[in-house]
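K.L.:
Handing you this structure, nothing more for now.
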Amino acid sequence: QVQLVESGGGLVQPGGSLRLSCAASGRILNNNRMDWFRQAPGKQRELVASLINVGTTNYADSAKGRFTISRDYAKNTLYLQMNTLKPEDTAVYYCHAIVPPRDYWGQGTQVTVSS
């Protein structure tokens, strides 16, 4: 069993920054894939950034150059550093982990980008 708890969301002005955290506990290993997804009102959940395994990352086009996914393996915490935020980044952000044979989701954290 794996538990994922996100934090760090909030209200930020356009151009600002936020860092999301996802504290993982349970049977999760360093080489298990972890991702950040987001879901805006009325839209489907979409993949934002992935940490495929140690050192391998992948980003949605909308996140490239602005967002950075990372993991502190000692603290078992996943991060998403988000810079130059835009109103279209407003969404609930979810942490996701794949620990075979299943995957796990956090409860989500709201990010609102507005002036």
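K.L.:
Would you work out the charge dipole size for the chain about its Cα centre, treating the Cβ of every Lys and Arg as +1 and the Cβ of every Asp and Glu as -1, and quote it to the nearest 20 debye?
P.N.:
Result for the chain is approximately 120 debye, rounded to the nearest 20.
K.L.:
Next up: I'd like the projected area of the chain, averaged over all directions, using the convex hull of its alpha carbons. Report it in nm² with one decimal.
P.N.:
Average of the hull's projected areas for the chain equals 6.7 nm².
K.L.:
In addition: Could you tell me which residue out of Ser25, Asn58, Val12 lies farthest along the dipole of the range 12-115 toward its positive end? Charges go on the beta carbon: Lys and Arg +1, Asp and Glu -1, centred on the Cα centre.
P.N.:
Farthest along the dipole direction, towards plus: Ser25.
K.L.:
Can I ask one more? Could you pull out which residues in the range 13-36 have an amide N less than 17 Å from a spot 7 Å beyond the Cα of Asn76, following the Cα-Cβ vector?
P.N.:
Answer for this model: 21-35.
K.L.:
I would also like to ask the following. Can you give me the distance in nm between label points at Gln107 and Arg19, each placed 7 Å from the Cα along the Cα-to-Cβ direction?
P.N.:
Reported label-point gap for Gln107 and Arg19 is 2.3 nm.
K.L.:
Considering only the other residues whose Cβ falls under 15 Å of the Cβ of Ala24, what net charge follows from Lys and Arg at +1 and Asp and Glu at -1?
P.N.:
That works out to +1.
K.L.:
Rank Gly106, Met82, Gln39 by how far each Cα sits towards the positive end of the charge dipole of the range 19-115 (+1 on Lys, Arg Cβ; -1 on Asp, Glu Cβ) and give me just the farthest.
P.N.:
Among Gly106, Met82, Gln39, the one farthest towards the positive end of the dipole of the range 19-115 is Gly106.
K.L.:
What is the distance, in nm, between label points placed 7 Å from the Cα along the Cα-to-Cβ direction at Ser115 and at Leu29?
P.N.:
In this crude spin-label approximation the distance works out to 5.0 nm.
K.L.:
Report relative contact order for the range 42-115 in percent, whole number only (criteria: Cα-Cα under 8 Å, sequence separation at least 6).
P.N.:
19
Values quoted throughout were computed directly from the atomic coordinates according to the rules given, and no laboratory measurement underlies them. Please read all numbers here as calculations on a predicted model, not as lab measurements. Using ideal geometry, Cβ is built from the backbone for each residue, glycine included, and neighbour counts are taken over all protein chains shown.
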